[in-house]
1. How high is the relative contact order of the chain, in percent, with contacts defined as C-alpha pairs under 8 Å that are six or more residues apart?
2. Counting only protein heavy atoms, what percent of the accessible surface of segment 1-79 is carbon or sulfur at a 1.4 Å probe?
3. Using a/c under 1.5 as the rounded threshold, could you call segment 45-99 rounded, prolate or oblate? The axes a ≥ b ≥ c are square roots of the C-alpha gyration tensor eigenvalues, and prolate needs a/b larger than b/c, oblate otherwise.
4. Between G41, G17, G30, where does the largest GNM mean-square fluctuation fall for the chain, given springs only between Cα atoms within less than 10 Å?
5. I need the GluC sites (Glu not before Pro) found in segment 10-64, filtered to DSSP loop residues with at most 14 other beta carbons within 10 Å of theirs.
6. Quick check: from the Cα gyration tensor, does the chain come out rounded (a/c under 1.5), prolate or oblate?
7. For G36, which sequence-distant residues (separation of 5 or more, or a different chain) have an amide H within less than 5 Å of its own amide H, given hydrogens modelled in the peptide plane?
8. For segment 20-127, what is the charge dipole size about the Cα centre, in debye to the nearest 20, if Lys and Arg each add +1 at the Cβ and Asp and Glu each add -1 at the Cβ?
Amino acid sequence: MPETGMMHIGELAERTGLSLRTIRHYDQIGLLAPSGRSEGGFRLYTEDDYDRLLLIRRMKPLGYSLEQMGDLLQALESARRGDASGADGELALAQFLDDAQERRVKLAQQLDAADEFIGLLSAQIAK
């Protein structure tokens, strides 16, 4: 049984829609380490871990690399601090926001092109 307020990797996977393999990989590369371990050595995650994992999952469709995902998580941590690195973190977050907006525009254009393609195919079938 997990400690109060913590969940096993299976629950985290179910809640996020990511595979156990993906979550373990993120741990291995240092992208998202579990906040704790059970007495038996099982990974334990908090709600904050869940939130970070959702953020990572939401970056995937925009084409961010694992390295960029890690950079964003570091920027968030820096922004939360009240010291000089907080300003650097806020600047990095603003740059991520601008980049994400640009990527979203490109993705919307790709969806429009896909809709146009589907329309053309539908018109050919209807003939």
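The values are calculated or read from the model by the stated rules, or taken from the named source; none is laboratory data. Please read these numbers as outputs of a predicted model, since none were measured by experiment. Neighbour counts run over all protein chains shown; Cβ positions are idealised from the backbone, glycine included. Ligands, DNA and RNA are stripped out before the accessible areas are found, and what is left, the full protein with its side chains, is counted by its heavy atoms. Shrake-Rupley method; radii C 1.70, N 1.55, O 1.52, S 1.80 Å.
1. Numbers: 95 pairs, mean separation 20.6, N = 127.
RCO, the chain: 16 percent.
2. Working: 2230 of 4590 Å².
Accessible surface attributable to carbon and sulfur in segment 1-79 totals 49 percent.
3. Numbers: a/c = 2.49, a/b = 1.25, b/c = 2.00.
Taking the square roots of the gyration eigenvalues as a ≥ b ≥ c, segment 45-99 is oblate.
4. G41
5. Numbers: sites: E11, E14, E39, E47; in loops: E39.
Passing both the DSSP loop test and the Cβ count: E39.
6. Values: a/c = 3.48, a/b = 1.49, b/c = 2.34.
Judged from the Cα gyration tensor, the chain comes out oblate (a/c at least 1.5, b/c at or above a/b).
7. The list, which skips near neighbours in sequence, is L44.
8. On the way: 14 positive and 18 negative charges, 110 e Å.
For this selection, approximately 520 debye.
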